[in-house]
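Visitor: If you scroll down you'll find the structure; I have some questions about it.
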Amino acid sequence: MINPREPVAKPPGAVVEGEAPDLGLPVQACLFEGKLDPCILVIFGASGDLTARKLMPALYNLFLRGALPEPCCIVGVARTDWSREEFQRRMQEAVAGQEAVDMSRWPEFAPALFYYDMDYQAAASYQALGEALAEHDRQFGIGGSRLFYLAVPPSMYPVISLRLGEAGLSKEGGAGQGWVRIVVEKPFGHDLNSARELNRAMHRSFEEHQIFRIDHYMAKETVQNILIFRFANAIFEPIWNRGFIDRVGIIAAERIGVGHRAGYYEEAGVLRDMFQNHMMQLLSLTALEPPSRFEAEQVRDEKMKVFRSLKPITDPNSEENLILGQYAAGEIDGQPVPGYREEKGVSPDSLTPTFAIMRVFIDNWRWQGVPFYLVSGKRLPEKRTELIIHFKKVPHSMFEDIQMGPIAANRLILGIHPEEKITLTFETKNPGAVVCLRAVTMDFNYYQNYRGPIMDAYEKSLIDCIQGDHMLFWRQDGVEMCWAYFSPLIEECETCAFLERLIHPYPAGTWGPDEAGRLMRELE
């Protein structure tokens, strides 16, 4: 058990001091503000892949940095018949399998891990879990605050949330009770109707402020930096509009195929898997108006205005604003890879799209007439996530008589993965007596001259959940608004007549089907 009576070494307060030896300047990395409330973290699905690959490594890294609450205990629950010792051993193996992890302090961390096997459907299991949590509260003085993390298939969200409510485990603020929160991962429904039904089911036991709908894209440092870059720098926000920006590209490319997710992906496809959530979040951060304060509800209010202003794609059959594709056999790094229909668990005549490029417009004053190109797909040449801001060309060139050719427009790239950086391309003169222009690029690497701790998306999300900060999480009206935009489009695209005619194959390792070339060239 991690407990103040058994203190562990940690940095003082909430700030870790680092050093930038290149410049000799101090660097501060703010892990969190104030003091985190003692709590019990309960992970449903603790024997699953998400817990082993993401959650437990994140929790252990937070422990190493002194960024877990004290006291704190981690309770894993699942249907698997494990003992507590078996759970601790398997979690140790999972964390040790991560890259460059200091396992020397695992013996200090392991006593915080508990495990209970349970039937997710049985009310008696939740009563027993409640008794166990109450015992942990009394024994270690935690104070009744609990975070329930649902690392289970989305079909189990309504069942588990309902049973938690029936057992009284969703109540907060009563005698001996602190806060109670529940975390769910995407997908938040399959369409608009199912998203609304999921919301109703969860609200039978939990209030909206208790629900955290996680989108790990939003917890990436450079995604959060979009708002800082826009609103903390006076040189950019005045030109962040239709008067100066010609077009915007948002790319989230993946090299991997469907892998072990074929069962899910066959039901989802690229529009549900990426566009309805991740791509909409990146779009909203790029396009939103300045909130009056940097607070969760005000930022999410501005996102909603963007979602409401999206101009619907009314005729996907025209392929003017939407192109879909599915990867065929090809090569990645010179190695042959199978096509989507050849993947294990995929129907040999599947019409599920694995690639999409959309051109969308935002019907408001700031962005009227500016196209936003959204691109995402599997088995593309590289894994890359970035925002590309193309500024307009100069309205008049005084250099035409010098015959230097066209002057390239300025371009700003906000890199999210694999390089977290900002690059700005602009024109300058080449040295020499002859006037020759050349395009140069200024680069800023996000971690340049920084030696503090680096938190991954799940570490940041877990701290925010414990703090009760909703800034990086979906609000239900945003979920429903995005489904309201995409559901009619997806339903039209899923008709057999549409897919058989308009889903285009592309070789793995290429940038989508040839039919997408027009929109891709407009994006470049």
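Just so it is clear, none of the values below were taken in a lab; they were calculated from the coordinates. This one's a predicted model, so the numbers in the text were calculated from it and none came from an experiment.
Visitor: Tell me what the chain gives for mean residue ellipticity at 222 nm when only DSSP H runs of n ≥ 4 count, each as -39,500 (n - 2.57), the sum divided by the residue total, rounded to 500 deg cm²/dmol.
Guide: Working: 14 runs with 151 residues, N = 524.
That calculation yields -8500 deg cm²/dmol at 222 nm.
Visitor: Amide H to amide H under 5 Å from ASN410: which residues, 5+ apart in sequence or cross-chain, H placed 1.01 Å off N in plane?
Guide: Long-range HN contacts for ASN410: PHE391.
Visitor: Here's something else I'd like to know. Once you've got the Cα coordinates, tell me which of LYS54/LYS383; LYS311/LYS460; LYS344/LYS460; LYS35/LYS305; LYS303/LYS392 are over 27 Å apart. Don't skip to the answer; put the middle values down first.
Guide: Values: LYS54/LYS383 19 Å; LYS311/LYS460 33 Å; LYS344/LYS460 34 Å; LYS35/LYS305 34 Å; LYS303/LYS392 25 Å.
From LYS54/LYS383; LYS311/LYS460; LYS344/LYS460; LYS35/LYS305; LYS303/LYS392, over 27 Å: LYS311/LYS460; LYS344/LYS460; LYS35/LYS305.
Visitor: Of the beta bridges DSSP finds with both residues in the range 15-185, what % are antiparallel, to the nearest 5? Write down the numbers at each step before the final one.
Guide: Numbers: 6 of 27 bridges.
Antiparallel bridges make up about 20 percent of those DSSP assigns within the range 15-185.
Visitor: Name the aspartates and glutamates eligible as straight-distance cross-link partners of LYS220: C-alpha to C-alpha under 14 Å, and not fewer than 8 places from it in the same chain.
Guide: List returned: GLU386, GLU419, GLU420, ASP456, GLU459, ASP464.
Visitor: With Kirkwood's inverse mean 1/r over C-alpha pairs for Rh, give me the Rg to Rh ratio of the range 15-185, two decimals please. Spell out each step's value before the answer.
Guide: Details: Rg = 17.4 Å, Rh = 17.2 Å.
Taking Rg over the Kirkwood Rh, I get 1.01.
Visitor: Quick check on the chain: what does the Kirkwood estimate of hydrodynamic radius come out to from the alpha carbon pairs, in Å? Don't skip to the answer; put the middle values down first.
Guide: Details: mean 1/r = 0.0396 Å⁻¹.
One decimal place: 25.3 Å for the Kirkwood radius.
Visitor: Next up: Rounding to the nearest 10 and keeping the result within 0 to 90°, find how far the Cα-based axis of helix 123-140 lies from the longest principal axis of the chain.
Guide: 80
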